[in-house]
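> This is the structure I want to talk about, given as structure tokens.
The values are calculated or read from the model by the stated rules, or taken from the named source; none is laboratory data. Quick caveat: nothing in here was measured; it's all calculated off a predicted structure. Positions of Cβ are backbone-derived with ideal geometry, glycine not excepted, and every protein chain shown enters the neighbour counts.
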Amino acid sequence: MPADPYARLLNLMMPFHNRFRLTYATIQGTLKNPQIQALPHRQLTTLLHQTLALAQHLDGHHQIEEAYIFPQLAVRMPQFGKGHIEEHETMHRSLVELRNYARTVERTLTGSQGRKAMNDGAGQALPSSSGDEEGEDGERKRKEWPTAIFDSGRFQRLVDELGAALFPHLEAEETSLRPSNMKAAGFTPEELNSIPV
């Protein structure tokens, strides 16, 4: 039996949306580390790469939606018209700010300032003679990165701002793409199957 054409767009969209949610949750999980300001270099680099990948994938996803999908949906569903594009623009501003900061941190880490901080012990376990050897997480305390290189508070704020725009948008889009809403809008199976995804 062929797949339901009224569920097609939602079924094709969900893996992308769920990947965005998973990547965002992974980033937030890292940011909850009590020693976030003192992450080892490799973990900090991974955090930056995950953030940059999320930004790139969201950006590409939105470009495809705006070029190929929304114009066809907006004919019968005004929620995919100008207002939806404006939501993307709001999210894009948050995305650009987060991406720019992640790139700046990445460049600084690999530059002379980052190398100096690493040579000075940033992200590395403090010597055991310090007296207070364990952090809140039960791990040995590590030396913090200078905030001029990585400001975990700023990074957290930028990630939170993106999430505040992203999650309501994803949920609204998924609600609009439910089969019952696609039928109510008057789409035919042929029209829905012709939308390139």
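> Checking VAL96 against (1) touching a Leu at 6+ places or on another chain (Cβ under 9 Å); (2) among the hydrophobic types (A, V, I, L, M, F, W, C); (3) more than 22 Å from THR175 (Cβ to Cβ), only one condition comes out false. Which one?
Result: VAL96 passes all but (1).
> A further question follows. Can you tell me which residue is nearest to LEU12 (Cα to Cα) among those in the range 52-89 that are aliphatic (A, V, I, L, M) and surrounded by fewer than 18 Cβ atoms within 10 Å (Cβ to Cβ)?
Once the filter is applied, the top-ranked residue is ILE64.
> Among what's in the range 1-59 and is touching a residue at least 60 places away in the same chain (Cβ under 8 Å) and assigned to a loop (DSSP other than H, G, I, E, B), pick the residue that is nearest to the chain's Cα centre (by Cα).
Ranking the candidates gives ASN33 first.
Conditions (1) modelled with pLDDT under 95; (2) in contact with a Ser or Thr (Cβ under 6 Å, 6 or more places away or on another chain); (3) surrounded by fewer than 18 Cβ atoms within 10 Å (Cβ to Cβ); (4) closer than 30 Å to ASN181 by Cα, marked per residue:
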{"residue": "PRO2", "(1), (2), (3), (4)": "yes, no, yes, yes"}
{"residue": "PRO5", "(1), (2), (3), (4)": "no, no, no, yes"}
{"residue": "ARG8", "(1), (2), (3), (4)": "no, no, no, yes"}
{"residue": "ARG21", "(1), (2), (3), (4)": "no, no, yes, yes"}
{"residue": "TYR24", "(1), (2), (3), (4)": "no, no, no, yes"}
{"residue": "LYS32", "(1), (2), (3), (4)": "no, no, yes, no"}
{"residue": "LEU39", "(1), (2), (3), (4)": "no, no, no, no"}
{"residue": "ARG42", "(1), (2), (3), (4)": "no, no, yes, no"}
{"residue": "HIS49", "(1), (2), (3), (4)": "no, no, yes, no"}
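> Which ones in the range 97-112 are touching a residue at least 24 places away in the same chain (Cβ under 8 Å) and surrounded by fewer than 14 Cβ atoms within 10 Å (Cβ to Cβ)?
none
> On the basis of being at negative phi, assigned to a helix (DSSP H, G or I) and modelled with pLDDT of 95 or more, does PHE150 make the cut?
Here the answer is no, as PHE150 does not meet what is asked.
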